[in-house]
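The values are calculated or read from the model by the stated rules, or taken from the named source; none is laboratory data. Remember, predicted model here, so these are calculated numbers, not experimental data. Methodologically, a virtual Cβ is constructed for each residue, glycine included, from the backbone with ideal geometry; neighbour enumeration extends over all protein chains shown. For the accessible areas, the whole protein counts, side chains as well, though only heavy atoms, and no ligand, DNA or RNA atoms are used. Shrake-Rupley method; radii C 1.70, N 1.55, O 1.52, S 1.80 Å.
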Amino acid sequence: MLNIQDSILIYDGSFDGFLTCVFQVYDLKLKRVLIQKDSESQASLFGKQNVVVADPVKADRVWKGLGKKTSNAGRLRIYYGFLSEKQGVENLLLRYIQYVFESRLPVDSDFSNPDVLELSKVAKSVGREKHRMEAFVRFRLTKDGLYFATIEPDFDVLPLISKHFKSRYADQKWVIYDLKRNYGLYYDLDKVEIINLTLPEGFDASKTSPDYFAVEEIEFQTLWKDYFDSTNISSRKNLQLHIRHVPKRYWKYLSEK
């Protein structure tokens, strides 16, 4: 439970904002701290709330400092953990970072420490979601020649899949839009940008409506589904194994389904 000396640091939800909070913890020598997103913060009777403005310079100092104390994999684990968006993950990350800075030896594999173990599990879950998104994203050609895909991942993995899709689909304009978090990535044949869209009223992302998508896209999906059905051998179907590899929550965006 918080006591009267505790500090509550409120940040904007960005990774730079979180790292700036970490900087503040060390700069002000704060001992008992709670870090919260501004969207989740609540008034407290026991702790003093401080709004921390994201500062890229301070965030970079923390990030570079971590680079001197842990491996690239260790730093990546912190970023993956942050993208999990789990309730209270900022405070797990803070404890992990404090352990990294306090230890004379690398802590990446010190699974006797509960925070190292917990963060490792969280990061692995995010990594699995990243790979699934890279495998299961399905683009559909819109009437204006843009390849459009919608996703609803469990974790905020868009920043992690940007490089993969820019490399793999370098010759076409595309958008990958996260419906759950209401932002997306737009590639214009040169660079990837973060965008926000206002989707048309009544738009159903799980359906390929002729109102928005090209005729050839609808024809292609029909051919692909027919091919999938014709090559599917019912007697060899193992639904349990199939669901393990392709969880049902992804099915509504797969044309073969």
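Points worth noting:
- Under a model in which nothing but the beta-carbon of Lys, Arg (+1) and Asp, Glu (-1) is charged, the range 7-129 shows a dipole of about 400 debye around its Cα centre.
- With N as its number of residues, the range 1-123 has a Cα radius of gyration that, divided by 2.2 N^0.38 Å, comes to 1.01.
- Look at the dipole of the range 76-142 built from charges on Cβ: of Tyr99, His131, Ser112, the Cα furthest out on the positive end belongs to His131.
- Amide H to amide H distances under 5 Å link Tyr183 with Asp178, where only residues 5 or more positions off or on other chains count and H is placed in the peptide plane.
- Stokes-Einstein translational diffusion, the range 145-223 - Kirkwood Rh over all Cα pairs, 1.567 mPa s, 4 °C, in µm²/s: 95 µm²/s
- In a DSSP loop and with at most 14 other Cβ atoms within 10 Å, the trypsin sites (Lys or Arg not before Pro) in the range 102-165 are Arg104, Lys143.
- Per-residue packing, averaged as other Cβ atoms within 10 Å, sorts the ranges 150-156, 105-111, 55-61, 11-17 into the order 150-156, 11-17, 55-61, 105-111, beginning with the highest.
- Mean Cα-pair separation over length for the range 1-135, i.e. relative contact order, pairs under 8 Å, 6 or more apart, %: 24 percent
- Taking only protein heavy atoms and a 1.4 Å probe, the accessible area of the range 91-176 is 49% carbon and sulfur.
- Nitroxide proxy distance, nm - points 7 Å out along Cα→Cβ at Lys191 and Lys173: 1.7 nm
- Solvent exposure of the range 1-127 as accessible area per residue, Å², 1.4 Å probe: 56 Å²
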